[in-house]
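The values are calculated or read from the model by the stated rules, or taken from the named source; none is laboratory data. A quick note: this is a predicted structure, and the numbers were derived from the prediction, not measured. Cβ placement follows ideal geometry from the backbone for every residue including glycine, while neighbour counts extend to all protein chains displayed. Areas reflect the complete protein model, heavy atoms only, side chains present, ligands, DNA and RNA absent. Shrake-Rupley method; radii C 1.70, N 1.55, O 1.52, S 1.80 Å.
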Amino acid sequence: MDQIIIHVDMDAFYASVEMRDNPALRGKPLIIGSKPTERGVVATCNYEARKYGIHSAMNIKEAYRLCPSGIYLHPNFEKYKAVSAQLNDIWNTYASASERISLDEAYLDVTDQAVNWEGARRIGRLIKQRVLDEVGLTCSVGVAYSKTAAKMASEEKKPDGYFEIRTPEDFVNLIIDRDVKVLYTVGEKTAEKLHYFGINTVRDIQLRGDDIVKLLGKHGRWLSQIAYGIDKRKVEPYRPEDAKSIGRELTFQADVTDFEFLKDVLFLLSLSVENRTRRVGLYGGGVSLKITYANMKGLTRSRLVPACDSAVTIYKESVRMLDRIEKRPVRLIGTSIYNLSGDSVRQLSFDDFLTEGNSGERQKLLDELQQKYHLDFAGNLEKIYHGETLHRTVEYMRKHL
Ligand code: DCP
Ligand code: MG
């Protein structure tokens, strides 16, 4: 055995923190995200609410239709970040390398500390116990020979789960007849494509390796490896705040000369950056704008800002920089935040992400955008955050200028 990896993932994270701190919420369907009267989505919900079919990223109106008796709360990011820091302190004790994926999830390389599988089991159990005793929350732990298998294992017995996958054979036996979506990196889009070509299960991927490489290229090669349980990736000691920046950029199908349109695009890009930044619980100390002109000449501009994770700020700062550059046809535009840190000396209270200082403005900008281009995001903003949909939306907007 080359490595022993633990994947730990909190159960219904935001919702569990709220239930921990307010016993009155326990045992009832609890949905964290927007309120039913607002526009927005479900960030997460507790397991009682999941029985009604509610899940992350669902339109809040749809959630309300499924469960009008549920309790709907705004998220409290500051609190989740503090809890996340506590969790990391516990996890990291047992790992030679720890890779934070989001506020509630990490890979731990425990090869050295564990020595063998019995040792790994002790560590896995200990982590669960300490998280419960010291933080008052449950988590699910997967112990395995690879990252993919460890993630699979932690999901296998959720919530409050514990599961081991010691060998590639065990991994393959577990998933061979499951839908391709079970594999890490197979999202809705890829699954749809594979299904279309009659590749439905992991077994089909094994059998049709060549087709899959033809169909998906490099991603296909990865999938045909992972279908046999082969994953040599190491746990990369990484904290999201070590990343240099979080950004989003977009190349247009045809060059853009209308700078007002560019501003609208910047708002969508800013929403996407905001989403990613909040998911990892960080703030930016600066905003930067990137442009590539039609003649391939590029430029970037940056400005320092107070701890920032909001789309409105990213947008406004980017627009301010855009106003000051030469107006020539643009081929690519991007915005990002940099100088990332986990701490904020906040003037704004984040108790509630929709009553946040500029949330009225955020909604106003969204409404204007929708009217101008005859769009209806109603709860579908989550989709915009993914590159492909963002790209399609922007091209649609351009045609409806
Ligand atoms: N989150 C979010 N938007 C999403 C998905 C997740 O804001 N589309 C937030 C809320 C979650 C947290 O990230 O509490 C962790 O995400 P997970 O996918 O791990 O979901 P949970 O921890 O809530 O539930 P599970 O028990 O399935 O892990
Ligand atoms: Mg989780």
- Query: Over all distinct alpha-carbon pairs, what is the Kirkwood Rh of the range 240-399 in angstrom?
  - Reply: 15.9
- Note on the structure: Counting every C-alpha pair in the range 133-237, the percent lying more than 16 Å apart is 58
- Task: Quote the charge dipole size of the range 172-226 about the Cα centre in Debye, to the nearest 20; the model charges only the Cβ of Lys and Arg (+1) and of Asp and Glu (-1).
- Result: 180
- Size of the dipole of the range 39-156 about the Cα centre, Lys and Arg at +1 and Asp and Glu at -1 on the beta carbon, nothing else charged, in debye to 20? 420
- Note on the structure: Any DSSP H helix in the chain with Cα axial reach of 27 Å or more and mean Kyte-Doolittle score of at least 0.0? Listed by number, the hits are 259-279
- Note on the structure: For the chain, dividing by residue count, accessible area per residue (probe 1.4 Å) in Å² works out to 46
- Please work out the C-alpha center-to-center distance from the range 363-394 to the range 204-220 and express it in whole Å. 33
- Message: Explain nothing, just the number: dipole magnitude of the chain about its Cα centre with +1 on each Lys and Arg Cβ and -1 on each Asp and Glu Cβ, in debye rounded to the nearest 20.
- Response: 820
- Task: Report the semi-axes of the equivalent ellipsoid for the range 273-344 in whole Å, largest first, where each axis is √(5λ) for an eigenvalue λ of the Cα gyration tensor.
- Result: 25, 11, 9
- Can you give the convex hull volume per residue for the Cα atoms of the chain, as a whole number of Å³? 156
- Could you tell me the distance between the Cα centroids of the range 1-21 and the range 259-277, to the nearest Å? 31
- Can you send over the carbon and sulfur percentage of the accessible area for the range 27-118, probe radius 1.4 Å, protein chains only? 54
- Task: Holding the Cα-Cα limit at 19 Å, pick out from K316/K364; K189/K383; K61/K81; K290/K364; K189/K372; K147/K193 the pairs that are longer than that.
- Result: K61/K81; K290/K364; K189/K372; K147/K193
- Regarding the range 172-226, what are the three Cα extents along the principal axes, ordered largest first, in Å? 26, 20, 19
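Using the Kirkwood formula on the Cα atoms of the range 205-310, what hydrodynamic radius do you get, in angstrom to one decimal?
17.5
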- Sorted peptide list for 136-149, 294-307, 49-62, criterion being average Cβ within 10 angstrom, highest first: 136-149, 49-62, 294-307
- By the mean-Cβ-within-10 Å protection proxy, highest first, 254-267, 83-96, 31-44, 386-399 rank as 31-44, 83-96, 254-267, 386-399
- Query: When the helix-only estimate is applied to the chain (DSSP H runs of n ≥ 4, each -39,500 (n - 2.57), divided by the residue count), what is the mean residue ellipticity at 222 nm, nearest 500 deg cm²/dmol?
  - Reply: -12500 deg cm²/dmol
- Item | Top positive-direction residue, dipole computed over the range 3-87 with Cβ charges, set A24, L66, H7 | L66
- Ranking I212, P237, S302 by how far each Cα lies towards the positive end of the charge dipole of the chain (+1 on Lys and Arg Cβ, -1 on Asp and Glu Cβ), the top one is S302
- Residue-by-residue Karplus 3J(HN,Hα) for the range 64-75, coefficients 6.51, -1.76, 1.60, Hz, glycine and proline x: 5, 4, 6, 8, x, 8, x, 9, 10, 10, 6, x
- Task: For the range 172-226, give the percent of accessible area contributed by carbon and sulfur heavy atoms, probe 1.4 Å, rounded to a whole number.
- Result: 51
- Message: For the range 14-77, report the % of Cα-Cα distances exceeding 19 Å.
- Response: 17
